[in-house]
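Participant: What follows is a single structure, and I will ask about it in a moment.
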Amino acid sequence: MKAIKLLVSTACFMGMAASTHAEEPATLSIEGQAFTIQASAPAHTENLDEVTSGWIYRTKETRALQLDDFDNPGFVFVDKAIDLWNEVDGSEDKSCASCHENVEDFAGLRTTLPRAEDGELVTMEDLVNECRTEQMGAEPWKYSGGKMTGMTALIGLQSRGMLMNVAIDGEAAAFWEKGKELYYTRVGQLDMSCSNCHEDNYDTMIRADHLSQGQTNGFPTYRLKNAKLNSTHARFKGCMKNIRAQPYKVGGDEFKSLELYIASRGQGLSVETPSVRN
Amino acid sequence: MRIIGISIAVAGLLASPLAAEPVAPNDVNYEDGVVLASLTGVAGDPVNGRDVFKNRKLGNCLACHVNAEMPEESFHGEVGPELTGVADRWEQQELRAIVANSKMVFDGTIMPAFYQDTGYERPLKDFDGKSILTAQQVEDVIAYLQTLKE
């Protein structure tokens, strides 16, 4: 981590700031598969030159936990989700497996979510709950609850290593604009926007925390802090409460739009689900 | 403890019956990056100011500023400039403006306004209509900052 900062400042000192990224030493490879943790920023992310995975900014110890699925505590919850996948529930006496032969068939899905459909923005959680209520006749799962985060991790895992690639044009454009506006709006008693920390000050220490770009390519994320998988919206909510702002509704339109916008800022980064953070 | 605290407070009131109410956040007069008058008329207490500076629920200034005078604290943030020797760079009345509402001094800054109780959106209920610090806590922090000389 420090390596990034050290390298950058040395390079600036020597008047060759432009060549620092090539020397970037941190690489992420899991079970022999290489991940893209640093990429040139997409054109629609005007204020960044490069996009970087949050993994880069964690301590050596935290980063190590993501290198091996056996060490990654997120997999305990993925394993539980495999049981859920096969568990019959609801009035139709069906399990996910009754209709979806292989969870592997969801490869690639995670990279494209959230997506606009019939005038609505749809997240992975929405898709899962739609199957539960419409196909199984079962109760929807709580948006950020344990069953849901386990299942979205299991489905997201099928896209691990693939590059984030959400659509932001056509029907999605209006949601994307809304998300962008939210990203740059100051809120809370501390009067800060997401961009104040994650765009203006990433790769900087804020007390004990090394600020990242606040990317979502690793969600759901296993956090050491609460020892469970955390949904994207739960993380957004936490950041808002830290600046003493009333969070938007988990699963609501504002957070979904913000999720689309931030996903688009991570365009080109590998899916890391389930990632490990502090 | 309790009783003593109360009697001191009462004694304080009696001793200075003319002591004014603190200046309300919206009445603070910012002129060219300075606030001339004390917000309370009571001298700041640098010892309490030091606590306000590091306390995560109060100033939490250490979240963003390195401060060489607090080596016992393990984590110093780097979002803003180091405050080591800050009293050599800024006068008391400038520091008052910076702490009370840094946006009056640094355009578009990330540094929160510590003495503003309106003008922000969607505050959590518990904080609605309140400033992060009280007027006296602001004066205490300023008194502490004034001890940071190189």
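Participant: What is the angle, in °, between the Cα long axis of helix A:173-183 and the longest principal axis of the Cα atoms in chain A? Nearest 10 is fine, range 0 to 90.
Facilitator: Helix A:173-183 and the main axis of chain A meet at about 60 degrees.
Participant: Counting partner chain Cβ atoms within 10 Å of every residue's Cβ in B:116-126, what's the average? Show your work: numbers first, answer last.
Facilitator: Values: counts 2, 1, 0, 1, 10, 8, 12, 9, 10, 2, 2.
That average works out to 5.
Participant: Also, quick follow-up: Taking only Cα atoms and a 10 Å spring cutoff, compute GNM fluctuations for chain B and point out the largest among B:Val28, B:Val79, B:Val105.
Facilitator: Comparing B:Val28, B:Val79, B:Val105 in the GNM, the peak value goes to B:Val79.
Participant: Right, here's the next one. Under a 10 Å cutoff between Cα atoms, tell me which one of A:Met240, A:Met205, A:Met162 has the largest fluctuation in the Gaussian network model of chain A.
Facilitator: Fluctuation is largest for A:Met205.
Participant: Taking H placed 1.01 Å from N in the peptide plane, check which residues at least 5 places from B:Glu78 or on another chain put their amide H under 5 Å from its amide H.
Facilitator: Residues meeting the amide H criterion: A:Met205, A:Ile206, A:Arg207.
Participant: Hey, another quick one. Got a number for carbon plus sulfur as a percent of the protein assembly as shown's accessible area, 1.4 Å probe?
Facilitator: Ligands and nucleic acids excluded, carbon and sulfur reach 54 percent.
Participant: Next question, about the same structure. Could you run the Karplus curve 6.51 cos²θ - 1.76 cosθ + 1.60 with θ = phi - 60° over segment B:51-61 and give me ³J(HN,Hα) per residue in whole Hz, x for Gly and Pro?
Facilitator: Values per residue, Gly and Pro as x: 5, 4, 4, 8, 5, 4, 8, 10, x, 6, 4 Hz.
Participant: Oh, and also: My understanding is that a pair violates if its Cα-Cα distance is over 24 Å; which of B:Lys57/B:Lys125; A:Lys94/A:Lys142; A:Lys237/B:Lys103; A:Lys147/B:Lys57 do that in this structure? Present the calculation step by step, with values, prior to reporting the outcome.
Facilitator: On the way: B:Lys57/B:Lys125 16 Å; A:Lys94/A:Lys142 19 Å; A:Lys237/B:Lys103 26 Å; A:Lys147/B:Lys57 34 Å.
Table pairs above 24 Å Cα-Cα are A:Lys237/B:Lys103; A:Lys147/B:Lys57.
Participant: So which lysines can A:Lys60 reach, going by Cα to Cα under 26 Å and dropping same-chain residues fewer than 8 places off?
Facilitator: A:Lys2, A:Lys5, A:Lys225, A:Lys228
Participant: Indicate the residues belonging to segment B:66-92 that lose 40 Å² or more of solvent-accessible heavy-atom surface (probe 1.4 Å) upon moving from the chain alone to the assembly of all protein chains, ignoring ligands and nucleic acids.
Facilitator: Buried by 40 Å² or more upon assembly, which counts only protein chains, are B:Phe75, B:Glu78, B:Val79.
Participant: If you don't mind, another one. Hey, what's the protein assembly as shown come to in accessible area per residue, 1.4 Å probe, Å²? Provide the component values of the computation, followed by the final result.
Facilitator: On the way: 21110 Å² over 428 residues.
About 49 Å² of surface per residue is accessible.
Participant: Something else: Longest exposed-loop-site-free stretch of chain A, with trypsin sites (Lys or Arg not before Pro), DSSP loop and at most 12 other Cβ within 10 Å?
Facilitator: A:1-224
Participant: Tell me which residues come under 5 Å, amide H to amide H, from A:Asn278 once H is placed; ignore anything under 5 positions away on its chain.
Facilitator: So A:Asn278 has HN proximity to A:Leu224.
Participant: On a 0 to 90 degree scale, rounded to 10, what angle separates helix B:2-15 from the longest Cα axis of chain B?
Facilitator: Taking the Cα atoms of chain B, the angle to B:2-15 is about 80 degrees.
Participant: Can you tally the net charge around A:Pro140? Count Lys and Arg as +1, Asp and Glu as -1, for every other residue whose Cβ sits under 13 Å from the Cβ of A:Pro140.
Facilitator: -3
Participant: Moving on. What's the buried accessible area, both sides, between A and B using a 1.4 Å probe, rounded to 100 Å²? Present the calculation step by step, with values, prior to reporting the outcome.
Facilitator: Values: alone 13610 and 9770 Å², together 21110 Å².
So the buried area, both faces added, is about 2300 Å².
Participant: Only four residue types carry charge here, +1 at the Cβ of Lys and Arg and -1 at the Cβ of Asp and Glu. Report the dipole size of chain A about the Cα centre in Debye, rounded to the nearest 20.
Facilitator: Taking the Cα centre of chain A as origin, the dipole is about 1360 debye.
Participant: Calculate how steeply helix A:232-242 sits against the longest principal axis of the alpha-carbon atoms of chain A, using the helix alpha-carbon long axis, and give the answer as 0 to 90 degrees to the nearest 10.
Facilitator: Result, in degrees: 50.
Participant: Give me, ordered by chain and number, the residues 5 or more places off B:Arg122 or on other chains with an amide H under 5 Å from its own placed amide H.
Facilitator: Here A:Gly188 satisfy the definition.
Participant: If exposed means no more than 15 neighbouring beta carbons inside 10 Å and the site is in a DSSP loop, what's the longest run of chain A without any exposed chymotrypsin sites (Phe, Trp or Tyr not before Pro)?
Facilitator: A:71-183
Participant: How much net charge surrounds A:Trp55 when only the other residues with a Cβ under 9 Å from the Cβ of A:Trp55 are counted, with Lys and Arg +1 and Asp and Glu -1?
Facilitator: For residues surrounding A:Trp55, the net value is +2.
Participant: Okay, next question. Measure out, as a whole number of angstrom, how far apart the alpha-carbon centroids of segment A:132-188 and segment A:81-116 sit.
Facilitator: Taking the Cα centre of each part, segment A:132-188 and segment A:81-116 sit 15 Å apart.
Participant: Do you know the relative contact order of chain A, to the nearest whole percent, from alpha carbon pairs under 8 angstrom that are 6+ apart?
Facilitator: Reported as a whole number, the value is 26 percent.
The values are calculated or read from the model by the stated rules, or taken from the named source; none is laboratory data. The structure displayed is predicted, hence computed values, not measured ones. All Cβ positions, even for glycine, are placed from backbone atoms using ideal geometry, and neighbour counts span all protein chains on display. Quick note on the areas: whole protein, heavy atoms, side chains included, nothing else; ligands and nucleic acids left out. Shrake-Rupley method; radii C 1.70, N 1.55, O 1.52, S 1.80 Å.
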